[in-house]
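Encoded as structure tokens, the structure appears first; notes follow it.
The values are calculated or read from the model by the stated rules, or taken from the named source; none is laboratory data. This is a predicted model, so every value here is computed, not measured. A quick note on method: Cβ atoms are made from the backbone with ideal geometry, for glycine too, and the neighbour counts reach across all protein chains shown.
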Amino acid sequence: MFTQVEKTPAQTEQMSETRLIRYVDALREAFEEEMARDPKVFLFGLDVDDHKGIQGSTIGLQEKFGKDRVFCTPLSEDAMTGVAIGAAIAGYRPIHVHIRMDFMLLCMNQLVNMAAKSHYMYNGQVKVPLVVRTMIGRSWGQGGQHSQALHSMFMHVPGLKVVAPANAHDAKGCMISAIRDNNPVIFIEHRLLYSTEGYVPTKSYEVPLGKARILTEGTDITIVAVSHMVMEALRAKKHLESVGINAEVIDPITLWPLDMETIMQSVKKTGKLLMVDNAWLTCGASSEILTRAMEMCQEEDISIPSLARMGFAPTTCPTTKPLENLFYPDARSIAVKAYQMTQGKKAKTWEPPVSANTEIDAFKGPF
Amino acid sequence: MFTQVEKTPAQTEQMSETRLIRYVDALREAFEEEMARDPKVFLFGLDVDDHKGIQGSTIGLQEKFGKDRVFCTPLSEDAMTGVAIGAAIAGYRPIHVHIRMDFMLLCMNQLVNMAAKSHYMYNGQVKVPLVVRTMIGRSWGQGGQHSQALHSMFMHVPGLKVVAPANAHDAKGCMISAIRDNNPVIFIEHRLLYSTEGYVPTKSYEVPLGKARILTEGTDITIVAVSHMVMEALRAKKHLESVGINAEVIDPITLWPLDMETIMQSVKKTGKLLMVDNAWLTCGASSEILTRAMEMCQEEDISIPSLARMGFAPTTCPTTKPLENLFYPDARSIAVKAYQMTQGKKAKTWEPPVSANTEIDAFKGPF
Amino acid sequence: MYDQIITARLYKTMLLIRQIELRIAEIYYTDAIKSPVHLSVGQESIAVGVCDALEKDDIVSNTYRCHATYIAKGGNLFEMMAELYGKATGCAGGKAGSMHLVDIKNGVMGASAVVGTTIPVATGYALAMQNEAKITGKQRVVVALCGDGGTEEGCFYESINFAALRKLPIIFICENNRLAIHTPLEKRWATDQLCERIATFGIKTHKIDDADVFTIRDTMVNALADIRKGSGPIFIECATYRWLEHVGPLDDHKDDYRNTKEYQTWKDNDQILRLGKMLDEKTRIQLEDEVALTLQQIEKFAEESPYPAAEELYTHVYAS
Amino acid sequence: MYDQIITARLYKTMLLIRQIELRIAEIYYTDAIKSPVHLSVGQESIAVGVCDALEKDDIVSNTYRCHATYIAKGGNLFEMMAELYGKATGCAGGKAGSMHLVDIKNGVMGASAVVGTTIPVATGYALAMQNEAKITGKQRVVVALCGDGGTEEGCFYESINFAALRKLPIIFICENNRLAIHTPLEKRWATDQLCERIATFGIKTHKIDDADVFTIRDTMVNALADIRKGSGPIFIECATYRWLEHVGPLDDHKDDYRNTKEYQTWKDNDQILRLGKMLDEKTRIQLEDEVALTLQQIEKFAEESPYPAAEELYTHVYAS
Ligand SMILES: Cc1ncc(C[n+]2csc(CCOP(=O)(O)OP(=O)(O)O)c2C)c(N)n1
Ligand SMILES: Cc1ncc(C[n+]2csc(CCOP(=O)(O)OP(=O)(O)O)c2C)c(N)n1
Ligand SMILES: [Mg+2]
Ligand SMILES: [Mg+2]
């Protein structure tokens, strides 16, 4: 399996004991603990109670909590999202699951017109404590309709929170926070992260929404990466080390609200910000983070650092492997970009070695 | 009525004769001319054939072109969008109408998963020449679900074009271009623009998609404004003139593909860019335009100009007038912002006079 | 036959709705209400027949045409009027306006301006109540109202299927005025067999053609008894007629998109007139006076209430 | 009874589908096909019974489980196999993969990986054909296929209503294998009365329980004749059984989410076996040889074709 971090920040930060477990199991623990703690929490969606249990993340939960609290639904994403909202308004804490983020396009109306607006529109009379789990697909020919990462659409809308943890520790801690949060939280998982392992405390803990994490410290450039791109950025950091460049890698974890303070502290130190999104660029998280960085510098009258971004190619995602590989940023392309930013345009070109086999190549399903 | 421009660029640019007509009538002319020209063009959607005819923009069309080419539908936004896509794939050129942009959240799946992707996913075998008309609401208590401007969600998705003309001339010319375009075009109208008048050529013409327009030349600051905010920006320019500041106002017209060249030429001249979006800021058109401006400066090694943005407050739109007024940027707040940008932070405060009655106050429906 | 007490109560509530809405129409020209208003004038018997059968802790979910049900369910009238005026004392502090009246305390769960979208939300509320009843032993019920147009949205069928599948404690009510804005049913429905269709989901259905407030109430009483025993969802289609324009204060029969003879038939069938005649005059006049007084009070309250302060723009974006 | 020519044709096409899919399953472990494959093994009679009745310029729209219909409708087999291999010579140049086979020339309008979403698109295509027929005088027909799961999406009902309302030349076919991934029908449908429900839209319906390829074909022939005369839409529900796992090359009956006895019943009812027995041996062997040869050829073509060049990533984002 692909272990993400040798020394996870989780490990040092938490006082309690930790174990090395998979992202998907960390999620499962969060559900199990929170459902045991709070009878108002329930989990539903297509396939949550079959023998595969959403890649294992829901296995055993129906046996433990019964069919009222863990159940599958018809294929009706729009209404089922409304159902989740209604139950949340009634005081429950639903967790609704979509096995692909692409399918959330079917329930945008409920999420944007209803979930995001109810608390404000009703002037606080109503709360919508809802978690919408959704998975970004990638690799093995998922293609145009099974690979989209649409977080910027949700970041755009006041009233929604958006979180996209990239390791097992944050997956569990953010899920617990999301379940306890009184707002609709779009919880973004990534198919390729599920089998990655990380150190996770044995005791329950929250990872606060709205707080970024510095994954590795560095002095030469700040790389902010989202979701699965965190893994690529950490690999890129290794490449960069081999040529004496010391990158600080930051995972915003929560995409909305954004913790720009942590990012800017780093950028002030390094003078360079490379934002690597796991999504298209236009009107994306990348444009927002770069714009805010620029605005904050102007505000404080400091000179604007070198800013750049990477993300999906501006195309639909193709299925065939050679084109799919080009569609995504990877450790090497990130390293090269960071190299150019630190060495200046005239630096000689550099080709990092080809990466070893990663979770991307290893993935062959199940989908 | 509120005439938008004294000397419209349309007038000087076009060789043919012009008349002063309303935005909504300019649209109607576009439909009538294109439907007469091309039998494959048809127009459908809720209410297109009632006696009010989408604020008048479709009146008389059913009488002229028959019920096969102009017809209303059941309230089924999702499927009707699919129907439009299917007809487009079959070689027709549908124009589908939504009287509120908010309702497009019901058909995001069809627009993003189907319309935007078909041409690419089928490697060119299929084309989707589709126009989706959609209207931004504002004023008179439209509230949270009748006032949204979601263009950034569509700009985010490769395969869609997005256009938001702000005057009668561009409304007609862009509509003609959109109908003739072989891609899905999201055509954004604004309720408050419908009754504004502009000079429109008597002969048919296209306003090319992807080309911005400099509305008024200036030397001190570039103001880029979207949709109805163009009117506010033009009023702000007047305010600024009274204190000796000369603003260049640019309407991008097409939001995707974006004409950054025109914008950057202006910014290089003025050294200042204020982007006034008619939408929320986060992951919006404003972040994209500012980010691109910054990227282009870095690319060309020129120092980054002063960049700023304004848009909707980061809240749901409230209905009550006093709060609604605060939700939107207006001529005065734009002027003040531009003033600060040109005069520096230490400049003494300036309060432009209260604006005369505008189309915003005049609006009382019909909705 | 209904006793005088119930008749009086139904009459008063229908009259209250009618008078409040006609007063809204009357003062609309003053621009005190800066909000699109979708009036239910002529349709009152549905809201009243339905809500009179409910208990306070039962729930209704509404469309943008929500005044009638809000009033019938016992929503706070002062807060309603203040909301229309955009005042801080409104049920949503002026943020929601006419299309989104809410009063959770009195079982009004809100309303949406996007047609159909409250149907699944109400269904989810019913799911919560079904679970809740397993603990409390008391089965509260949700009523989800929608127009004929609302039944054309996909989420209507999705909700119906889910509610039937899980036997949820919900009553779906279609207020069928055969119009969506100006478009008649015939241009939107392939056939008129809505109840037959819903029945194929294993749901008991009722079609009420004459808007008789007693029939509606009786149907509800029986439906509620069944549902509280666990029957699962029930569907009621009520024919009705919208007297005024789709949105706004006016009579628009001059616009000639609908039949004035039909209008007359429905006016002759007006349930307020009918019940008024069933009451003794003293009672009737007393009720009318009470209604008139309430009207004055709520209007005064709305007028005199302050607008929300500027900082309210930024409150309640996120719940703490 | 069907004559030998038709029987032979149906047999051959079903066999072709079966063999191509089994071959896909066989070579899947080599990773030559880097794509999720949703095989129709066991369900072939629907695709073949349906498409055999169509003309070349009629259109089918598909779900992600689209190999069978693509083949039955006459989609180019070389381009199909190359598409699965992700090659430049594929029907979509490698950009679409197994879930989105397309061949407009042969009337395969594409397929979606998002359940239900092709149903309205097919409906729109039918609308275009209805208009086109007014000029050409020839009524082409669209066939919209979906699974039992697909009928749970709101857009299914929205499309059905619209198609019935406008009497569109479309046949909706539900391939009811009673499974959505691993979830049985009973957990998704409130009742099993789909045909009854669709009938309330004024649509003629047919329920075929045994997957008999001749019955399916006959039903289609009659339906097409009616539709070409302007009858409006027709709905056909075909029971069937998926032999292999939802996605991927394996038999997953060991996973114990479904009934092996049912599996055996369906295997005994295999239409390929049945028709094979109806043919004289010489014909059968000849057809089998032809199929085997085709298989070899298309596999070779796919293997030998080049991958798309890097710059193909950026082509066809926008149409010119
Ligand atoms: C999803 C959506 N589509 C369109 C509209 C525009 N619209 C507002 S009211 C209405 C008619 C709805 O008719 P019906 O459901 O019968 O309710 P009624 O107004 O007759 O009470 C329409 C089409 C909307 N608000 N929401
Ligand atoms: C909108 C949507 N929701 C969920 C999925 C995940 N999913 C893929 S196939 C499938 C089952 C569909 O069942 P059915 O329509 O009966 O087709 P079958 O696979 O049986 O042929 C599901 C739920 C999807 N692709 N699209
Ligand atoms: Mg109606
Ligand atoms: Mg199935």
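Of note:
- Selection count, segment A:119-134, where residues are away from ligand 1 (no atom under 16 Å from the Cβ) and at the interface with another protein chain (Cβ under 7 Å from one of its Cβ atoms): 8
- Boolean, A:Ala233 is at pLDDT 95 or above, assigned by TED's automatic domain parsing to the domain that holds A:Ala313, in a helix (DSSP H, G or I) and surrounded by 22 or more Cβ atoms within 10 Å (Cβ to Cβ): yes
Here is a yes/no grid of residues against (1) over 23 Å from B:Asp181 (Cβ atoms); (2) within 13 Å of another protein chain (Cβ to nearest Cβ); (3) surrounded by 23 or more Cβ atoms within 10 Å (Cβ to Cβ); (4) modelled with pLDDT under 95:
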| site | (1), (2), (3), (4) |
| --- | --- |
| B:Thr3 | yes, no, no, yes |
| B:Asp25 | no, no, no, no |
| B:Pro39 | no, yes, no, no |
| B:Asp47 | yes, yes, no, no |
| B:Thr81 | no, yes, yes, no |
| B:Ala88 | no, yes, yes, no |
| B:Tyr92 | no, yes, yes, no |
| B:Asp102 | yes, yes, yes, no |
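- Residues satisfying the stated conditions in segment A:57-68, i.e. more than 8 Å from every other protein chain (Cβ to nearest Cβ) and without any contact (Cβ under 8 Å) to a residue 40 or more places away in the chain: A:Thr58, A:Ile59, A:Gly60, A:Leu61, A:Gln62, A:Glu63, A:Lys64, A:Phe65, A:Gly66, A:Lys67
- Residues in segment D:139-178 that are within 16 Å of ligand 1 (Cβ to nearest atom) and under 20 Å from the mean Cα position of the chain (by Cα): D:Cys155 alone.
- You will find that of A:Ile21, A:Ile59, the residue that is within 19 Å of A:Lys203 (Cα to Cα), in the same structural domain as A:Asn182 (by TED's automatic domain parsing) and outside any helix (DSSP H, G or I) is A:Ile21 and no other.
- Selection count, segment A:288-311, where residues are touching a residue at least 24 places away in the same chain (Cβ under 8 Å) and either assigned to a strand (DSSP E or B) or surrounded by fewer than 18 Cβ atoms within 10 Å (Cβ to Cβ) (or both): 7
- Scan of segment D:153-183 for residues that are in contact with an Asp or Glu (Cβ under 8 Å, 6 or more places away or on another chain), closer than 30 Å to D:Leu244 by Cα and within 9 Å of another protein chain (Cβ to nearest Cβ), ordered by number: D:Glu153, D:Gly154, D:Cys155, D:Ala180, D:Ile181, D:His182, D:Thr183
- In segment A:312-357, the residues that are under 30 Å from B:Lys117 (Cα atoms), in contact (Cβ under 8 Å) with a residue 24 or more places away in the chain and in a loop (DSSP other than H, G, I, E, B): A:Phe312, A:Pro314, A:Thr316, A:Cys317, A:Pro318, A:Thr319, A:Thr320, A:Tyr328, A:Pro329, A:Asp330
- Among the residues making up segment B:325-367, those that are among the polar types (S, T, N, Q) and either out of contact with any His (no Cβ under 9 Å at 6 or more places or on another chain) or closer than 25 Å to B:Thr134 by Cβ (or both) are B:Asn325, B:Ser333, B:Gln340, B:Thr342, B:Gln343, B:Thr349, B:Asn357, B:Thr358.
- Filter result for the condition that a residue is under 26 Å from D:Asp3 (Cα atoms) and either of a type in the set (Lys, Arg) or within 16 Å of ligand 3 (Cβ to nearest atom) (or both), over D:Arg228, D:Arg242: D:Arg228
- Which listed residue, of C:Ile181, C:Ile216, is in contact (Cβ under 8 Å) with a residue 40 or more places away in the chain and within 16 Å of ligand 1 (Cβ to nearest atom): C:Ile181
- If the condition is being within 16 Å of ligand 3 (Cβ to nearest atom), of a type in the set (Asp, Glu) and away from chain B (no Cβ under 14 Å), then segment C:245-283 contributes only C:Glu262.
- Options D:Gly116, D:Gly150: the member that is in a loop (DSSP other than H, G, I, E, B), within 29 Å of C:Lys187 (Cβ to Cβ) and within 14 Å of chain C (Cβ to nearest Cβ): D:Gly116
- Residue satisfying all of: in segment A:163-176; surrounded by 24 or more Cβ atoms within 10 Å (Cβ to Cβ) and within 29 Å of A:Lys117 (Cβ to Cβ); nearest to the chain's Cα centre (by Cα) among these: A:Ala164
- Helices (runs of 4 or more DSSP H) (entirely within segment D:257-307) containing at least 1 residues that are within 24 Å of the chain's Cα centre (by Cα) and of a type in the set (Ser, Thr, Tyr): D:260-268, D:281-304
- Pick from segment B:312-338, criterion crowded, with 23+ Cβ neighbours inside 10 Å and more than 25 Å from C:Lys95 (Cα to Cα), ranking: farthest from the other protein chains (Cβ to nearest Cβ): B:Ala335
- B:Ser242 being assigned by TED's automatic domain parsing to the domain that holds B:Gln55 and touching a residue at least 24 places away in the same chain (Cβ under 8 Å): no
- From the options D:Gly137, D:Gly124, residue that is free of Cβ contacts under 8 Å to residues at least 40 places away in the same chain and at positive phi: D:Gly137
- Among the candidates D:Ile173, D:Ile160, the residue that is out of contact with any Ser or Thr (no Cβ under 6 Å at 6 or more places or on another chain) and in a helix (DSSP H, G or I) is uniquely D:Ile160.
- There is no residue in segment D:32-43 that is surrounded by fewer than 24 Cβ atoms within 10 Å (Cβ to Cβ), part of a helix (DSSP H, G or I) and within 14 Å of chain A (Cβ to nearest Cβ).
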